[in-house]
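Q: Can you read through this structure? Questions will come right after.
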Ligand code: GRF
């Protein structure tokens, strides 16, 4: 069975969606460890409720980004992790980690990449930018992670219609619901070994 690590800095509702899908046997995988950079992240409470090992790596405890990255990499190796799921993890790694896990790290982004991604595009900033752009649709994207932020091959996307009375907050809520569908779906396809990366495209084996 595939061993997964979920890395999250906040609420962890995507972690919950993945573990719930595993629990109802939709995904042939187990979550080996939850890793956070925030000691008070609610994802840690969720992990505790599911008796899943959790580790905290406070960024400020490390002299630099590389040491922080290498400490997490070591933990992932100790837990024999095969797939990393970034789910609202608010720190950027040095290239050692994406390089060690090429094609084995996923991220969820709360917009339709390749639009509205990259530096500064996280949390409410994304939804504000989408609303201010006048776009009529937004959505969520699950993609493979490469050393550059938000540009890896796209695995799953789903759209959300933007209504005239939507605000960044209401849009965030709608996008979250879609995230909880497509992240477990992407992890399931990976666990079933059905994802094939060809350049920037990800094909799904029937
Ligand atoms: C999600 O909106 C995700 O797209 C982004 O971070 C947020 C995490 O939410 N990368 P949660 O902690 O899973 O609720």
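Q: What number of residues in region 17-42 are in a helix (DSSP H, G or I), within 10 Å of the ligand (Cβ to nearest atom) and without any contact (Cβ under 8 Å) to a residue 40 or more places away in the chain? Steps first, answer last, please.
A: First pass over region 17-42, keeping only residues in a helix (DSSP H, G or I): 17-23, 42.
Filter again for within 10 Å of the ligand (Cβ to nearest atom), leaving 17-18, 42.
This time we only want the ones that are without any contact (Cβ under 8 Å) to a residue 40 or more places away in the chain, so: 42.
Qualifying residue count for the region: 1.
Q: While we're on this one: Answer yes or no: is there a residue in region 83-90 that is surrounded by 16 or more Cβ atoms within 10 Å (Cβ to Cβ) and away from the ligand (no atom under 16 Å from the Cβ).
A: So in region 83-90, the residues surrounded by 16 or more Cβ atoms within 10 Å (Cβ to Cβ) come out as 83-90.
Still in the running and away from the ligand (no atom under 16 Å from the Cβ): 83.
Within region 83-90, one or more residues are surrounded by 16 or more Cβ atoms within 10 Å (Cβ to Cβ) and away from the ligand (no atom under 16 Å from the Cβ).
Q: Then there's this: Specify the residue that is surrounded by the most Cβ atoms within 10 Å (Cβ to Cβ); the eligible residues are those in region 44-60 that are assigned to a helix (DSSP H, G or I) and out of contact with any strand residue (DSSP E or B) (no Cβ under 6 Å at 6 or more places or on another chain). Quick ask: steps written out before the conclusion?
A: Of the residues in region 44-60, the ones assigned to a helix (DSSP H, G or I) are 44-49, 59-60.
Next cut, out of contact with any strand residue (DSSP E or B) (no Cβ under 6 Å at 6 or more places or on another chain) only: 45-46, 48-49, 59-60.
Working: 45: 12, 46: 20, 48: 12, 49: 10, 59: 12, 60: 6.
Out of the qualifying residues, it is 46.
Q: Next question. With the structure loaded, tell me whether residue 202 is touching a strand residue (DSSP E or B) at 6+ places or on another chain (Cβ under 8 Å), touching a residue at least 60 places away in the same chain (Cβ under 8 Å), surrounded by 12 or more Cβ atoms within 10 Å (Cβ to Cβ) and not in a loop (DSSP other than H, G, I, E, B) or whether it fails that test. Even if it seems obvious, please write down each step before you answer.
A: On the way: touching a strand residue (DSSP E or B) at 6+ places or on another chain (Cβ under 8 Å): yes; touching a residue at least 60 places away in the same chain (Cβ under 8 Å): no; surrounded by 12 or more Cβ atoms within 10 Å (Cβ to Cβ): yes; not in a loop (DSSP other than H, G, I, E, B): yes.
No.
Q: Are any residues in region 154-179 surrounded by fewer than 19 Cβ atoms within 10 Å (Cβ to Cβ) and over 17 Å from residue 137 (Cα atoms), and if so, which ones?
A: Passing the criteria: only 154.
Q: Looking only at region 115-153, how many residues end up being more than 15 Å from the ligand (Cβ to nearest atom), closer than 20 Å to residue 181 by Cβ and surrounded by 16 or more Cβ atoms within 10 Å (Cβ to Cβ)?
A: The total comes to 1.
Every number in this text was worked out from the coordinates using simple rules, so none of it is lab data. Quick caveat: nothing in here was measured; it's all calculated off a predicted structure. Note that each Cβ is placed from the backbone with ideal geometry, even for glycine, and that neighbours are counted across all protein chains shown.
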